[in-house]
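*Asks:* First the structure, which I've put down as structure tokens, then a few questions once you've had a look.
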Amino acid sequence: MSAAFEAEGLVKRFGATTALDGVDLRAERGTVLGVLGPNGAGKTTAIRVLATLLRPDAGRAVVDGLEVGRDPVEVRRRIGLTGQYATVDEDLTGAENLVLFGRLLDLPAGEARARAARLLDRFGLADAGGRRASTYSGGMRRRLDLAASLVGSPSILFLDEPTTGLDPGRREELWQTIRSLADDGTTVLLTTQYLEEADALADEITVIDGGRVIAHDTPAGLKQQVGGQTVVVRPRDPDRAGAAAGVVARATGHDVAPPRGGVVTASVDDERAFSAVVRGLEDAGVAVTELALRLPGLDEVFFALTDGHRTTPREEP
Amino acid sequence: MTTTATTTTTAPADHRVGPTPPRRWPLARHSLALARRNLTTTRRNPGELADAVILPVVFLVLFVYLFGGAVAGSTQEYLQYLFPGILVLTTVLTGQVATGLSIVQDMKKGVFDRFRSMPVPRASMLLGSVLADAVRYVIALAVLFGVGYALGFRVETGLLPALAACGLAIVLGFSLCWLTVLVAVLLRDEIMVSTVGFLLPFPLVFGTGMAAPVETMPGWLQAWAEVNPVSRAIEASQGLLLGGPVAGPVTATLLWSAAFLAVFGTAAVVAYRRVV
């Protein structure tokens, strides 16, 4: 078997709620699988099953060739988990947290300290290592969390919405880190609510909703299925918004909504239309402060994938 | 994307070195590592020690000055009589109130998920918490002795018997605390656990000859005091601190403690593994 992990037909119920209703997930070694879905889709439950924290009611999960239900302890030696909420001890310093996890992973004391220092350094926390985690900012806590998952040099990493609550700059940094981990050969499962994030990081994307897989594809394939990208133009001079709207309308062949707040937006069917917008703006001499091609939001993705028959989101425990 | 061989062999040195091989005595090593973590946490939140330290002293002062004159004719004589019982009360109360609560709080923290996703024996998470509380016992007893001596209490035997009395009380507190641990694991609710932990010591510690001679109590209470294991512990404590028969009550206390540990300790670990 060449899959780093594989789940088949996972079912998990909590009382009357069905969190997972037959979910299949699979990632080849050294790849990044993005699991995209709204709150309550079953993303966290799926991760918790793979990370040995929950037993499924049906289906099977195999991690690094080991059956999760049969050999949880061996599975735990091979995985790293970063939960949606901080999974470090807030009363301990950053360094103490990492050393503790190293000790619990059976590293000798010296090696645990050395590895903690290396990880703090790598995640830009060397100066903050002696401070309690409760004093960390959201971004620092996220990085410490990710560092904590790497203490055991896991070959498989489960990241549950790792960038939730981060500002854009920090998010970009974390993306870089995740990419470098994948480049080093770590298999990553990453859940997210943003197509943009899955697109930036994942080799393949599984879209789940209401505990079921509703799509599985490469990012390019998925974007093709979904379409609905939007071009956004903000002229430097708000009075030129009308001129910009004209350019966008000609380039995209779409009606352009009247500019709002000096911003012109229009949907694009073909990425080439974006180049036409860029050239058109230059020719028309419209200087811009913002010019972007935006991926569709989660709502639009689901609308496209389910033809609007969106399963009602269920509460995730 | 499917080139398995290349991705797994090009791993750099620090990363992807594979899982660390398991070492021996995982339960003991992991319990100690987690106990150390609990101690650090306690050191940084010294307020958590307050109930364990203050409550026994409050009982001591309250009983001595409120009832001392009535029960024993003089507060000084009553202090001598009462102190060995308060010693046992201290460890029972400390174990009951603190341990269960810290476990419930832990189970609700995010870091708990990380522990559970690591190759750590489940029992060591409970054991680490319980072991860390040994420090609470020691601090609470030290404060109690300090206040007791300030009020005029004097050990009538010697240093070693007095230390033995403390050790015995700690053994009893340690074994009885597994009852609250069991409650904590089953209920997982801070308020319930602290209520149970606070109420449980009352029949156990007060249904004894700690505060008044058993002969003065109604028949049903005498019957309970007679079979109550904590009665033996208080008799042992009186013997060790003031002189008197020791061998019988000490043996009985140790046997009872072993039984509590075996029953409640096992039940707590089994329940815990089922829950998590």
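Values quoted throughout were computed directly from the atomic coordinates according to the rules given, and no laboratory measurement underlies them. Treat the numbers as computed from the prediction; the structure is a model and nothing was measured. We place every Cβ from the backbone using ideal geometry, glycine too, and count neighbours over all the protein chains shown.
*Asks:* In Å, the Kirkwood hydrodynamic radius of the range B:40-91 over pairs of distinct alpha carbons?
*Replies:* Numbers: mean 1/r = 0.0829 Å⁻¹.
So the Kirkwood estimate lands at 12.1 Å.
*Asks:* Then there is this: Near A:ARG240, within a Cβ-to-Cβ distance under 14 Å, what is the net charge of the other residues, with Lys and Arg +1 and Asp and Glu -1? Walk me through the numbers on the way to the answer.
*Replies:* Numbers: positive: A:ARG234, A:ARG236; negative: A:ASP237, A:ASP239, A:GLU282, A:ASP283, A:GLU290.
Around A:ARG240, the surrounding residues sum to -3.
*Asks:* Right, here's the next one. Whole number please: convex hull volume per residue of the Cα set in the range B:144-201, in Å³?
*Replies:* 99
*Asks:* Related question: Do you know the relative contact order of the range B:26-275, to the nearest whole percent, from alpha carbon pairs under 8 angstrom that are 6+ apart? Walk me through the intermediate numbers first.
*Replies:* Details: 349 pairs, mean separation 68.9, N = 250.
Across the range B:26-275, relative contact order equals 28 percent.
*Asks:* Within a Cβ distance under 15 Å of A:VAL286, other residues only, what is the Lys/Arg minus Asp/Glu net charge? Before the final figure, lay out each step's value.
*Replies:* Working: positive: A:ARG234, A:ARG236, A:ARG240, A:ARG250, A:ARG279; negative: A:ASP237, A:ASP239, A:GLU282, A:ASP283, A:GLU290.
Cβ neighbours under 15 Å give a net charge of 0.
*Asks:* Rounded to a whole number, what is D in µm²/s for the range A:65-137 from Stokes-Einstein with the Kirkwood radius over alpha-carbon pairs (37 °C, 0.692 mPa s)?
*Replies:* 244
*Asks:* Also, I was wondering about something else. Determine the principal axes of the Cα atoms in chain A, then give the extent along each, sorted from largest to smallest and rounded to whole angstroms.
*Replies:* Principal-axis extents of the Cα atoms in chain A, largest first: 67, 47, 35 Å.
*Asks:* For the range A:134-194, just run the numbers: alpha carbon Rg, then divide by 2.2 N^0.38 Å, N being how many residues it has. Walk me through the intermediate numbers first.
*Replies:* Values: Rg = 11.3 Å, N = 61, 2.2 N^0.38 = 10.5 Å.
For the range A:134-194, the normalised Cα radius of gyration is 1.08.
*Asks:* Normalise the Cα radius of gyration of the range B:103-249 by 2.2 N^0.38 Å (N = residues in it) and let me know the number. If you can, show how the numbers build up before the last one.
*Replies:* Details: Rg = 18.4 Å, N = 147, 2.2 N^0.38 = 14.7 Å.
The value comes to 1.26.
*Asks:* Still on this structure: Taking only Cα atoms, what is the 0 to 90° angle, nearest 10, from helix B:266-275's long axis to the longest principal axis of chain B?
*Replies:* Taking the Cα atoms of chain B, the angle to B:266-275 is about 40 degrees.
*Asks:* Have a look at the range A:133-266 and give its Rg and Dmax from the Cα atoms, expressed in angstrom.
*Replies:* Final numbers for Rg and Dmax: 19.5, 57 Å.
*Asks:* Alpha carbon centre of the range A:235-280 versus the range A:54-95: separation in Å?
*Replies:* With the range A:235-280 and the range A:54-95 each reduced to a Cα centre, they are spaced 48 Å.
*Asks:* Still on this structure, I have one more. As a test of understanding, state the convex hull volume per residue of the protein assembly as shown from its alpha carbons, in Å³. Could the numbers behind the result be given before it?
*Replies:* Values: hull volume 119.6 nm³, N = 593.
Hull volume normalised by residue count: 202 Å³.
*Asks:* Can you tell me the 0 to 90 degree angle between the C-alpha axis of helix B:75-94 and the longest principal axis of chain B, rounded to 10?
*Replies:* 20
*Asks:* Rounded to whole Å, give me the distance from the Cα center of the range B:99-119 to that of the range B:128-153.
*Replies:* 27
*Asks:* Mind listing the Cα extents of the range B:217-276 along all three principal axes, in Å, largest one first?
*Replies:* 47, 28, 14
*Asks:* Quick check on the range A:75-208: what are the equivalent-ellipsoid semi-axes from the Cα gyration tensor, as sqrt(5λ), descending, whole Å? Please report the intermediate quantities before stating the final value.
*Replies:* Details: eigenvalues 115, 59, 30 Å².
That gives 24, 17, 12 Å for the three semi-axes.
*Asks:* Here's something else I'd like to know. Taking the number of other C-beta atoms within 10 Å as the exposure measure, put B:TRP25, B:TRP224, B:TRP178, B:TRP256 in order starting with the fewest. Please report the intermediate quantities before stating the final value.
*Replies:* Values: B:TRP25 9, B:TRP224 16, B:TRP178 25, B:TRP256 19.
The order, fewest Cβ neighbours first, is B:TRP25, B:TRP224, B:TRP256, B:TRP178.
*Asks:* Would you mind ranking B:THR99, A:THR206, A:THR93 by Cβ crowding within 10 Å, fewest neighbours first? Intermediate values should be presented prior to the final figure.
*Replies:* Details: B:THR99 30, A:THR206 26, A:THR93 23.
Exposure proxy ranking, most exposed first: A:THR93, A:THR206, B:THR99.
*Asks:* Show which lysines lie in cross-link reach of A:LYS12 when reach means a straight Cα distance below 22 angstrom and same-chain residues fewer than eight apart are skipped.
*Replies:* A:LYS43, B:LYS108
*Asks:* Roughly what percent of Cα-Cα pairs across the range B:165-276 reach past 17 Å?
*Replies:* Working: 3681 of 6216 pairs.
Within the range B:165-276, distances greater than 17 Å cover 59 percent of Cα pairs.
*Asks:* Over all Cα pairs of the range B:204-251, how is the pair count split among 5 Å bins, expressed in % and running from 0 up to the last occupied bin?
*Replies:* 5, 26, 29, 23, 13, 4
*Asks:* Here's something else I'd like to know. Between A:TYR85 and B:TYR149, what is the spin-label point distance in nm, taking each point 7 Å from the Cα along the Cα→C-beta axis?
*Replies:* Each label point lies 7 Å from its Cα, and together they span 4.6 nm.
*Asks:* Please report the equivalent ellipsoid semi-axes of the range A:231-285, computed as sqrt(5 x eigenvalue) of the Cα gyration tensor, largest first, in whole Å.
*Replies:* In descending order, the three semi-axes are 16, 12, 8 Å.
*Asks:* Short version: ³J(HN,Hα) in whole Hz for each residue of the range B:109-121, in order, from phi by Karplus 6.51 cos²θ - 1.76 cosθ + 1.60 (θ = phi - 60°), x for Gly and Pro, what are they?
*Replies:* Each residue's phi maps through the Karplus curve to give 8, x, 5, 4, 4, 5, 4, 6, 8, 10, x, 10, x Hz.
*Asks:* Less than 19 Å apart at the alpha-carbon level, and either on another chain or at least 8 residues along: which aspartates and glutamates does that give for A:LYS223?
*Replies:* Here the aspartates and glutamates satisfying the reach criterion relative to A:LYS223 are A:GLU196, A:GLU197, A:ASP199, A:ASP203, A:GLU204, A:ASP209, A:ASP269, A:ASP270, A:GLU271, A:ASP299, A:GLU300, A:ASP307.
*Asks:* Largest first and in whole Å, what are the equivalent-ellipsoid semi-axes of chain B based on the Cα gyration tensor, each being the root of 5 times an eigenvalue?
*Replies:* On the way: eigenvalues 389, 66, 56 Å².
They are 44, 18, 17 Å, listed largest first.
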